[in-house]
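A short worksheet on the structure shown next.
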């Protein structure tokens with residue numbers, strides 16, 4: 001496409017002060033959209049509302065420049081009829097709270113008129129920790145419970161478990177529970193709020209020391225993958241907690257996982273997704289604001305960001 005027939009794209013995301021141009025996937029998508037001659041607007045979740053004329057966003061035009069001291073500059077706010085724009089990216093960071101729920105319900109009102117990535121309904125249905133449980137053939141043994149005794153038994157049966165808050169993100173609150181660990185009761189007490197809040201417990205996968213693979217999917221097809229390596233003193237490999245990234249290839253286990261999840265992702269309107277794979281097992285399905293596209297581009301000398309925008313152009317047409 002040229003600038004004469006560019007798309008009107010709204011990016012629902014956090015504020016520009018949160019953007020790191022070197023690592024931010026939303027920023028990469030904005031740059032790629034501009035490169036293709038499209039108009040891009042920024043708004044936060046709280047800027048989406050409903051008027052008598054329909055759902056709208058109090059949005060600002062974006063000018064992105066990765067070489068500037070102000071990489072994401074916003075223009076004057078204006079109301080945009082969301083049924084009249086071509087596409088909306090929903091890219092606000094977790095948690096999935098009441099404000100996020102209300103955002104998806106408002107966006108539902110224009111989902112028949114405007115391409116939304118990812119589908120508001122799909123976002124509501126796909127908790128990032130629990131969605132993987134739909135595919136037990138490719139996931140590690142998992143329980144979801146607030147029962148301390150059951151969590152301790154589970155860790156003992158599997159020679160260790162990883163406990164995760166159901167609504168957590170970025171590795172926050174993720175803890176390893178080892179059999180016989182004297183800290184175990186305290187870990188469970190903390191994460192379950194003394195037995196009031198269920199957590200996800202997965203079998204501890206020893207291969208996590210070799211890295212946590214992030215596979216980016218676009219409409220069920222792989223854009224590529226990066227391997228996130230943990231530091232020497234932390235089993236978590238999340239980039240935001242100090243993990244580093246290296247290039248990697250997809251293997252047979254990855255292909256099996258993709259084949260298992262892709263049809264369901266497509267059916268749920270989950271177009272741009274990040275799969276977390278440890279030791280050949282699917283551990284999480286990231287749908288709210290999956291990251292890694294800048295790292296993938298840098299490590300593979302490729303343009304997965306442009307592939308996303310080109311897919312968007314084809315789908316809108």
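Key figures for this structure:
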{"read-out": "Within region 204-317, strands (runs of 3 or more DSSP E) holding 1 or more residues that are out of contact with any strand residue (DSSP E or B) (no Cβ under 7 Å at 6 or more places or on another chain)", "value": "221-229, 281-286"}
{"read-out": "Residues of region 35-73 that turn out to be in contact with a helix residue (DSSP H, G or I) (Cβ under 6 Å, 6 or more places away or on another chain), surrounded by 20 or more Cβ atoms within 10 Å (Cβ to Cβ) and in a loop (DSSP other than H, G, I, E, B), as a count", "value": "0"}
{"read-out": "Within region 137-158, tally of residues that are in contact with a strand residue (DSSP E or B) (Cβ under 8 Å, 6 or more places away or on another chain) and within 12 Å of residue 260 (Cβ to Cβ)", "value": "2"}
{"read-out": "Test result for residue 282, closer than 19 Å to residue 25 by Cβ and either modelled with pLDDT under 95 or not assigned by TED's automatic domain parsing to the domain that holds residue 169 (or both)", "value": "no"}
{"read-out": "Region 103-113: number of residues that are without any contact (Cβ under 8 Å) to a residue 24 or more places away in the chain and more than 18 Å from the chain's Cα centre (by Cα)", "value": "4"}
{"read-out": "Residues located in region 1-34, provided they are touching a strand residue (DSSP E or B) at 6+ places or on another chain (Cβ under 7 Å), part of a helix (DSSP H, G or I) and under 22 Å from residue 102 (Cβ atoms)", "value": "26"}
{"read-out": "Residue within region 193-202 that is outside any strand (DSSP E or B), out of contact with any helix residue (DSSP H, G or I) (no Cβ under 9 Å at 6 or more places or on another chain), surrounded by 15 or more Cβ atoms within 10 Å (Cβ to Cβ) and touching a residue at least 24 places away in the same chain (Cβ under 8 Å) present", "value": "yes"}
{"read-out": "Positions within region 192-203 being in contact with a strand residue (DSSP E or B) (Cβ under 7 Å, 6 or more places away or on another chain) and more than 14 Å from residue 139 (Cβ to Cβ), in sequence order", "value": "192, 198, 199"}
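The values are calculated or read from the model by the stated rules, or taken from the named source; none is laboratory data. This structure is a prediction, so every number in the text was calculated from the model and none was measured. Please note: Cβ atoms are built from the backbone with ideal geometry, for glycine as well, and neighbour counts cover all protein chains shown.
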